[in-house]
Amino acid sequence: MKDPQTEPGGAPFSSGGPRNVRGMGDERGLDTSDAAVGLSPATVDKVGKVVALPPEPLVPEKTTFLEGGPIVIGVEQRHITTESLRALYRDNPQHAAAFEARAHQGEVEDAGVSLHILSAASRREYLRFDCFDEDPHYHYISHDDQGMLQNRWVIYDRAANGAMLPWALERLRHHLPAMLAGAGADPAMVRVDPATLERLVDEVAALATA
């Protein structure tokens with residue numbers, strides 16, 4: 001899958017249309033001075049790009065959900081094509097137009113495992129690692145209080161880091177609280193118990209590499 005369409009001006013999107021939600025993290029009252037947090041939404045703003053399309057929704061019947069305290073991680077084997085994405089966005093004129101605007105980049109055909117990082121309380125997704133064969137990447141997904149979201153798409157550097165899945169599992173094991181803080185996630189997720197997180201990632205690794 002090629003680099004997704006960026007919304008003009010880098011503006012975030014929602015199902016109801018573009019809306020600037022930059023700075024949401026401060027409104028949530030996250031204690032970004034806490035040494036355990038490490039990152040803030042302002043730091044994450046410097047990486048990747050905000051894109052005009054939402055992440056493709058996970059398919060529950062194809063996803064195994066593993067729970068660890070305030071965090072749920074969904075492990076999904078995915079196969080995406082131009083036609084599957086076109087069908088997904090067809091009913092939203094704004095999203096359909098954004099998708100067609102990138103059609104000149106070529107046909108989409110990709111597959112691999114996705115790791116979805118969700119809140120156990122709200123089931124909102126805040127991080128996603130798409131460990132795809134052709135174009136691996138990951139997402140910071142921020143939400144405001146009106147249910148609107150910002151999708152920040154970050155290309156994965158396979159030349160520098162090797163295969164993405166082992167790298168993603170290491171991010172979960174050692175950097176997940178900081179990345180969740182960067183996405184403006186629920187404070188309870190950011191402060192997940194380390195032993196609970198270790199057990200959860202062990203379960204995710206066993207499933208994702210099976």
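The values are calculated or read from the model by the stated rules, or taken from the named source; none is laboratory data. Keep in mind it's a predicted model, so treat the numbers as computed, not measured. For neighbour counting, all protein chains shown are included, and Cβ atoms are generated from backbone atoms with ideal geometry for every residue, glycine included.
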What number goes with the only condition from (1) surrounded by 14 or more Cβ atoms within 10 Å (Cβ to Cβ); (2) part of a helix (DSSP H, G or I) that A87 does not pass?
(1)
Please give the number of the condition Y126 fails out of (1) touching a Ser or Thr at 6+ places or on another chain (Cβ under 8 Å); (2) within 18 Å of A208 (Cα to Cα).
(2)
Considering only residues of the stretch 59-79 that are of a type in the set (A, V, I, L, M) and in contact with a Leu (Cβ under 9 Å, 6 or more places away or on another chain), which is nearest to A181 (Cα to Cα)?
I71
Got a number for residues in the stretch 28-72 being of a type in the set (A, V, I, L, M, F, W, C) and at pLDDT 90 or above?
7
Please state which of the following conditions A103 fails to meet, knowing it meets all the rest: (1) under 25 Å from H79 (Cα atoms); (2) among the aliphatic types (A, V, I, L, M); (3) at pLDDT 95 or above; (4) over 14 Å from the mean Cα position of the chain (by Cα).
(3)
Filter the stretch 90-104 down to the residues that are part of a loop (DSSP other than H, G, I, E, B) and either hydrophobic (A, V, I, L, M, F, W, C) or in contact (Cβ under 8 Å) with a residue 24 or more places away in the chain (or both) and list them by number.
N92, R102
Residue count, the stretch 182-210 (criterion: surrounded by 19 or more Cβ atoms within 10 Å (Cβ to Cβ), more than 14 Å from R128 (Cβ to Cβ) and at pLDDT below 95):
2
Within 25 Å of E170 (Cα to Cα), at pLDDT below 95 and either of a type in the set (V, I, T) or not in a loop (DSSP other than H, G, I, E, B) (or both): is that true of H79 in this structure?
yes
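This table checks each residue for (1) surrounded by 15 or more Cβ atoms within 10 Å (Cβ to Cβ); (2) more than 17 Å from the chain's Cα centre (by Cα); (3) farther than 29 Å from A210 by Cβ.
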residue	(1), (2), (3)
P55	yes, no, no
F65	yes, no, no
I71	yes, no, no
V75	yes, no, no
H95	yes, yes, yes
A111	no, no, no
A120	yes, no, no
D130	yes, no, no
H137	yes, no, no
